[in-house]
Amino acid sequence: MKPFVDFLPILLFFGAYKLYDIYTATAVLMAATVLQTAYIYKTQQRLELMHKVTLVLVLGFGALTLGLHDERFIKWKPTVLYGAMTLGLAFAHWVSRKNVVQLLLGTQMELPERVWARLNLVWMLYCAFMASINAYVAAYYSTEDWVNFKLWGYAFPLVFIIAQGLYIAPHVKLRGADGAGPAP
């Protein structure tokens, strides 16, 4: 169910774009993201930082797109999101000496420090790559091409997650429900 909830706004955006236009699709994306966020909050009784940031960016860039009737804003939203994630991960890693990936996932699994450090670096590079590729497609391709890239570009995160899983699999020790020790 979680993957469906995660991908529903982008699927609705894509469908609305194909049936209508970028402005209708933007309004649909905004509404779907609000509903998605409300559903996540209702079922989990909390929102992750990523959900909050995504909601604010979708609503902010969506409002600019609709209010100014300029599609460039919604097209640049992913670049801003991934760029901010890159900067946040880099700042936490090099300035405050914190491993954000470990802070987020460390309660669920135990990994050697060197693996956590590599994961943090790989996440920084991945976010920088995603920001760059979206910026390139948004700047040099048509809106039609960008929308298609948004849908089919979800192959990048899927490949990234699978590769990450394969990398950590030999090192992982799952924690129990209480967060302490191995799972039974």
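Below is a table of values for the structure above.
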read-out	value
Which listed residue is part of a helix (DSSP H, G or I), of a type in the set (Lys, Arg) and either in the same structural domain as TRP152 (by TED's automatic domain parsing) or within 23 Å of ALA139 (Cβ to Cβ) (or both), from LYS42, LYS18, LYS52	LYS18
Selection from the range 85-109 of residues that are surrounded by 15 or more Cβ atoms within 10 Å (Cβ to Cβ) and over 23 Å from LYS52 (Cα atoms)	MET109
Among (1) within 18 Å of LEU8 (Cα to Cα); (2) without any contact (Cβ under 8 Å) to a residue 60 or more places away in the chain, the one test that VAL147 misses	(2)
Residue match in the range 8-18 (condition: over 18 Å from LEU151 (Cβ atoms) and without any contact (Cβ under 8 Å) to a residue 24 or more places away in the chain)	no
Breaking point among (1) in contact with a Gly (Cβ under 9 Å, 6 or more places away or on another chain); (2) surrounded by 12 or more Cβ atoms within 10 Å (Cβ to Cβ), for ASP145	(1)
Yes/no for LEU8 being surrounded by fewer than 17 Cβ atoms within 10 Å (Cβ to Cβ) and either touching a Ser or Thr at 6+ places or on another chain (Cβ under 7 Å) or assigned to a helix (DSSP H, G or I) (or both)	yes
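Quick grid of which residues meet (1) modelled with pLDDT under 90; (2) outside any helix (DSSP H, G or I); (3) under 30 Å from GLY15 (Cβ atoms):
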residue	(1), (2), (3)
PHE61	no, no, yes
LEU64	no, no, yes
GLY88	no, no, no
ARG97	yes, yes, no
TRP123	no, no, no
PHE129	no, no, yes
VAL137	no, no, yes
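The values are calculated or read from the model by the stated rules, or taken from the named source; none is laboratory data. Everything numeric in this text was worked out from a predicted model, so none of it was measured. Positions of Cβ are generated from backbone atoms using ideal geometry, with glycine treated the same way; all protein chains shown enter the neighbour counts.
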